[in-house]
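Notes follow the structure.
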Amino acid sequence: MNTIEIIEKVSVEVTINGQRQRRDVEPRMLLVQFIRDELRLTGTHIGCDTTYCGACTVLLNGEPVKSCTVLAAQADQCEILTVEGLEQDGKLHPLQEAFAEHHGLQCGYCTPGMLMSSVALLADNPSPGRKEIRKGIAGNLCRCTGYHNIFKAVEAAAEEMREGADHGHQI
């Protein structure tokens, strides 16, 4: 006998990068799949599917989460910020500019997660030292840079943001 499991879809409504979105999805869909497959925002990367690498880090209600560990249904009625939401009105976020200027990226695969963890760090601590930066990005793995340039980039962005450079960013 052939049995087919029918899974009833659930409605998920989120505000993502300032835009309200609603989709009906399977209850077992991961947030990273929802972001990439349903909303077509492919800047959030899938790296390991085990929470180890942090490439899928997004901000969920202002807190960094690895979106491969959160169900889309758990994010219902939440606010999500992805790497695509950092750029505003054609201007890169100071962290994006600093990562480019200070060579804080190599292959770029970990960069979206590093950026999102760094955004959360600087929101909580606008003047982090190396130890705080190390702790703030501890959940993100980079296999290319050796982290030195990432630290320099976060420090430079923090300084620029503290000096009040107006990039039009509210993040």
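Quick notes on this structure:
- Whenever a residue of the stretch 90-116 is in contact (Cβ under 8 Å) with a residue 60 or more places away in the chain and basic (Lys, Arg), its partners that are surrounded by 15 or more Cβ atoms within 10 Å (Cβ to Cβ) and in a loop (DSSP other than H, G, I, E, B), lying with C-beta atoms within less than 8 angstrom and at least six residues away or across chains, give the pairs LYS91/HIS167; LYS91/HIS169.
- Enumeration of residues in the stretch 53-72 that are in a loop (DSSP other than H, G, I, E, B), closer than 15 Å to PRO112 by Cα and in contact (Cβ under 8 Å) with a residue 40 or more places away in the chain: CYS53, GLY54, ALA55, CYS56
- None of ASN17, ASN61 is surrounded by 17 or more Cβ atoms within 10 Å (Cβ to Cβ) and on the phi > 0 side of the Ramachandran plot except ASN17.
- Residue match in the stretch 158-170 (condition: over 24 Å from ASN17 (Cβ atoms), touching a His at 6+ places or on another chain (Cβ under 9 Å) and not assigned by TED's automatic domain parsing to the domain that holds ILE46): no
- Failed condition for MET161, given (1) in a helix (DSSP H, G or I); (2) modelled with pLDDT under 95; (3) within 22 Å of LYS66 (Cβ to Cβ): (3)
- Taking the criterion of being among the hydrophobic types (A, V, I, L, M, F, W, C) and surrounded by fewer than 21 Cβ atoms within 10 Å (Cβ to Cβ), the residues of the stretch 129-143 that qualify are ALA138, LEU141.
- THR111, sole failed condition from (1) farther than 23 Å from ILE35 by Cα; (2) under 18 Å from the mean Cα position of the chain (by Cα): (1)
- Options LEU92, LEU41, LEU115; residue that is within 26 Å of SER127 (Cβ to Cβ) and crowded, with 19+ Cβ neighbours inside 10 Å: LEU115
- Restricting attention to the stretch 99-147, the residues that are among the β-branched types (Val, Ile, Thr), farther than 15 Å from VAL65 by Cβ and not in a loop (DSSP other than H, G, I, E, B) add up to 2.
- Residue tally, condition aliphatic (A, V, I, L, M) and either under 18 Å from the mean Cα position of the chain (by Cα) or assigned to a helix (DSSP H, G or I) (or both), over the stretch 1-28: 2
- Filter result for the condition that a residue is closer than 25 Å to HIS148 by Cβ and exposed (fewer than 15 other Cβ atoms within 10 Å of the Cβ), over GLY108, GLY104, GLY47: GLY108
- Qualifying residue in the stretch 73-85 (condition: in a strand (DSSP E or B) and in contact with a Gly (Cβ under 6 Å, 6 or more places away or on another chain)): no
The values are calculated or read from the model by the stated rules, or taken from the named source; none is laboratory data. Worth saying up front: this structure is predicted, and the values here are computed from it rather than measured. Neighbour counts are summed over all protein chains in view; Cβ atoms, including those assigned to glycine, are modelled from backbone coordinates with ideal geometry.
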